[in-house]
Amino acid sequence: MTSAYIHIPFCEHICFYCDFNKVFIEGQPVDEYIEALIKEIKLTKEVYPSNKTETIYIGGGTPTSLSAKQLDRLLEGVRRYLPFDDQDEFTVEANPGDLTLDKLKVLQDHGVNRVSMGVQTFDDRLLKKIGRKHTAQDVFDTMKIFEQADFRNVSVDLIYALPNQTIESFEDTLTKAIALDLPHYSMYSLILENKTMFYNWARQGRLHLPGIDVEGDMFELAIKKMEQAGRYQYEISNFALPGYESQHNLVYWNNEHYYGLGAGASGYLGNIRYKNHGPIQHYLEPLRQNKRPVIQVEDLTLENRMEEEMFLGLRKLKGVSLSHFEQKFGCRYDDVYGKITQEMIAKELMKKEDDFVSLSDKGLILGNEVFEKFLLST
């Protein structure tokens, strides 16, 4: 079984912190892009056939920047070429304020059963500061649309450690997010990505971010508040009611296979990781000639695959199963990573319980330190 990530690179507004592959939608060949994307799905399936799609995730950019008619055409093509059981998870990303009842009905008609919404913060002043075009009120209005359509499976993304953000402001955002009573929440600290407005402003000394201690306090506050609300932490940045974990993201963290479709998308099929052309015209050109738009291919060695199993799998609170590792790679876990695991346990960054190795509470905060060791160890 293979999952699918589908990228829609169009946005009605470019946020100051975002480094995903995206373009301002005005004047873009959106309809041609949708047809090319459907063609890419067909061509990819010819090379890598799969009789079932485990999960589908349409991200961006902003998929809901498409019109209801364009969404309908896209989803019709997706459903035609990616065989899918309606009981499985089908997620589309949305922005507050972009999602109308018409668009939501189109999503439902094509079997979309989960929406992930980029809220980021409920502080209107901060929303302006990070370049978001929605307000806190737009979030509440969008929630009414979900209620009207009886659509329950909604996740929201929040970002903390934003410029000049205080712990009080973040606590207020957490309180408002939890009051929505949703089954899933994702929580990310702000990362200054290359080539973003924020990155340039930080280099010019124009960006005042909370210190690392405040950032750590925000993360711990998020864990505490989510736990109190019955949303358990199942991955470093993700919290859910039992049974509502993001199945698509678990595909990544379990190091399983997925199609990467659309401009700038990455996929993992067989032992191959590949990446598509990012610029829209560079993506469209090969597809006009019935060729896949792949620009980069990496054939992973056994060592590469074991490294990825570790640094992806350790993001889950459950950690990595030793028996699954041995079955997947045909070698004993301790022969490969025994020494480094003992070193991490001695530093109280990891723990070993029954069949699993995982990060400790301290390791969850210093995760990158642990991942780095596994990357350098083989």
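As a length-normalised measure over Cα pairs under 8 Å and 6 or more apart, the relative contact order of the range 317-377 settles at 35 percent.
Between D150 and E76, the simple spin-label model (points 7 angstrom out along Cα→Cβ) gives 2.6 nm. Is the range 210-365 rounded, prolate or oblate when judged by the Cα gyration tensor, a ≥ b ≥ c being the square roots of its eigenvalues, rounded requiring a/c under 1.5 and prolate requiring a/b larger than b/c? Here the range 210-365 falls in the oblate category.
Label positions at D181 and K275, each projected 7 Å from the Cα along the C-beta direction, are separated by 4.4 nm. Between E227 and Q28, the distance separating the two model label sites (each 7 Å from Cα on the Cα→Cβ line) works out to 4.1 nm.
Size descriptors for the range 2-252: radius of gyration and Dmax over Cα atoms are 18.4, 53 Å.
Sequence gap at least 6, Cα distance under 8 Å: using those rules, report the relative contact order of the chain to the nearest whole percent. Relative contact order here is 15 percent. Charge dipole (Cα centre; +1 on Lys/Arg Cβ, -1 on Asp/Glu Cβ; no other charges) of the chain amounts to roughly 760 debye. Ranked by the mean number of other Cβ atoms within 10 Å per residue, highest first, peptides 107-116, 167-176, 256-265 order as 256-265, 107-116, 167-176. For the range 295-378, applying the loop criterion from DSSP together with a ceiling of 16 other beta carbons within 10 Å to the trypsin sites (Lys or Arg not before Pro) yields K318, R332, K347. For the chain, the mean residue ellipticity at 222 nm estimated from helices alone is -13000 deg cm²/dmol, where every DSSP H run of n ≥ 4 contributes -39500 (n - 2.57) and the total is divided by all residues, rounded to the nearest 500.
Among residues other than P83 whose Cβ falls under 12 Å from its Cβ, what is the net charge (Lys/Arg +1, Asp/Glu -1)? The answer is 0. Each peptide in 179-188, 291-300 was scored by the mean count of other Cβ atoms within 10 Å over its residues; highest first, the order is 179-188, 291-300. Of all aspartates and glutamates in the structure, those lying under 12 Å Cα to Cα from K351, and not within fewer than 8 positions of it along the same chain, are E343, D361. When the C-alpha to C-alpha distance is required to be over 30 Å, the pairs from K52/K318; K39/K105; K128/K291; K275/K316; K129/K347; K224/K318 that qualify are K128/K291; K129/K347.
What residue among Q327, S360, G338 has its Cα farthest toward the positive end of the dipole of the range 326-378, where the charges are +1 on Lys, Arg and -1 on Asp, Glu, each on the Cβ? Comparing the listed Cα positions along the dipole, G338 ranks first. With the cut-off at 1.5 for a/c, could you classify the range 317-377 from its C-alpha gyration tensor as rounded, prolate or oblate? Because a/c hits 1.5 or more and a/b exceeds b/c, the range 317-377 counts as prolate.
Bear in mind these aren't lab numbers, they're just calculated from the coordinates by the rules spelled out. As the structure is a computational prediction, the values presented were derived from the model and not from experiment. Every residue, glycine as well, gets a Cβ built from its backbone with ideal geometry; the counts of neighbours run over all protein chains shown.
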